[in-house]
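Contents: one structure, followed by commentary.
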Amino acid sequence: MAAKLKAPPGTCDTHMHIYEPGYPVRPEVAKPPVAPVSEYKKLCAQLGISRTVFVQPNAYGADNACMLAAMKEYGPNARGVAVVTPDVSDAELQRLTKAGVRAVRFMLLPGGFLTLDVFDKVVARVQEVGWHVNVQIDGRTFPELEARLRKVKGDLVIDHVGKFLEPVAVDHPAFRSMLKLVEGGEVWVKLSAPYEVSKVGRPLYGDVGALAKALVKAAPERMLWASNWPHPSATPANKPDDTELLDLLLDWAPADATRRKILVDNPARLYGF
């Protein structure tokens with residue numbers, strides 16, 4: 001099915017994953033799907049995506065080899081969000097930066113590889129080479145994490161509309177806490193993966209959509225879009241349609257100029273395209 005939204009030139013997918021056979025998977029996580037670059041390129045052609053930010057899957061821990069190989073195959077319009085440990089060497093940080101990595105990923109949910117106890121050390125290391133910080137949390141914890149996240153100097157990216165594991169209303173204290181972070185001027189939000197938490201479901205995911213609309217209204221210059229392909233945590237019951245995920249922007253950001261910011265201008269500025 002073709003998307004209703006015609007993606008403008010330079011459209012960027014800011015969050016997706018590649019999984020290839022032959023790379024070691026952390027024993028404590030579920031076996032990931034097979035999702036090669038060749039299949040992802042088909043999605044790009046279908047939706048009109050010309051730039052992509054590859055995100056290190058939780059399944060591979062701090063072994064970024066699969067992601068780096070995918071970025072190289074994809075070409076110069078690739079950037080990366082890697083996972084590194086506090087003892088990462090200067091040489092490795094330089095190697096990753098040269099390959100197109102621009103951020104470190106913290107998946108701060110149960111089973112995530114990097115945890116809060118190494119957060120400050122890892123952030124300090126990656127900021128030495130100009131990377132920003134990407135976090136995925138349960139949005140309901142924003143009030144207790146707000147002060148910690150506010151201490152991050154420079155850009156901070158929040159995944160999946162805040163990923164409130166139980167969707168909340170726009171006047172909920174946890175969402176208000178997130179809005180305060182965004183309104184501070186250095187926090188970005190990926191408008192992505194509503195299917196992971198929505199209780200309403202397709203096609204508009206109205207409970208998550210209400211939060212997305214509030215974020216777009218508050219700070220359109222800080223919003224990003226992402227496919228979250230290949231939807232590794234989706235179940236058969238909530239597996240999304242990729243064209244619907246792009247078309248959500250017609251509902252969440254009705255103005256053409258705003259959608260251009262979200263799809264093209266904002267990611268170009270953040271990731272250096």
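Structural remarks
- Phi angles of the stretch 176-184 translate, via the Karplus equation with coefficients 6.51, -1.76, 1.60 and θ = phi - 60°, into HN-Hα couplings of 4, 4, 5, 4, 4, 5, 4, 6, x Hz per residue; Gly and Pro are given as x.
- The local environment of residue 159, defined by Cβ-Cβ distances under 13 Å, has a net charge of +1 under the rule Lys, Arg +1 and Asp, Glu -1.
- Cα-projected label distance for residue 2 with residue 73, points at 7 Å along beta-carbon direction, nm: 2.9
- Cβ crowding within 10 Å ranks 191, 248, 93, 109 as 109, 93, 248, 191, fewest other Cβ atoms first.
- Here the 3J(HN,Hα) profile of the stretch 58-69, calculated from phi with Karplus coefficients 6.51, -1.76 and 1.60 at θ = phi - 60°, is 4, 4, 9, x, 9, 8, 8, 4, 4, 4, 5, 5 Hz, Gly and Pro shown as x.
- Burial ordering of 196, 128, 186, fewest other beta-carbon atoms within 10 Å first: 128, 186, 196
- Full extension of the chain between residue 28 and residue 150 gives 40.8 nm of extra length, using 0.36 nm per residue less the Cα-Cα distance.
- Over the stretch 12-271, the fraction of Cα-Cα pairs per 5 Å bin, rounded to whole percents and listed from the shortest bin up, is 1, 6, 14, 19, 21, 19, 13, 6, 1, 0.
- Long pairs among 153/199; 121/261; 239/261; 31/180, criterion Cα-Cα beyond 31 Å: 153/199; 121/261; 31/180
- Mean residue ellipticity, 222 nm, helices only, the chain: the sum of -39500 (n - 2.57) across DSSP H runs of n ≥ 4, divided by residue count and rounded to 500, is -10000 deg cm²/dmol.
- One chain, two ends: residue 129 and residue 202. Fully extended at 0.36 nm per residue, the span grows by 22.2 nm beyond their Cα-Cα distance.
- Taking N as its residue count, the alpha carbon Rg of the stretch 117-273 over 2.2 N^0.38 Å: 1.01
- Between residue 170 and residue 239, the modelled labels are 3.4 nm apart [label points 7 Å from Cα along Cα→Cβ].
- Likely footprinting exposure, 18, 49, fewest C-beta neighbours within 10 Å first: 49, 18
- Förster-model FRET efficiency, 41 Å R0, residue 92 and residue 180, C-beta, rounded to 0.05: 0.70
- Local electrostatic count at residue 40 - Lys and Arg +1, Asp and Glu -1, tallied over other residues with Cβ under 12 Å: -3
- Amide H contacts under 5 Å for residue 79, placed H, 5+ residues apart: 52, 53, 54
- Local net charge near residue 195, Cβ-Cβ under 9 Å (Lys/Arg +1, Asp/Glu -1): +1
Any read-out appearing in this document is the output of simple, stated calculations on the displayed coordinates, not a laboratory observation. As the structure is a prediction and not an experimental result, all values here were calculated from the model. All Cβ positions, even for glycine, are placed from backbone atoms using ideal geometry, and neighbour counts span all protein chains on display.
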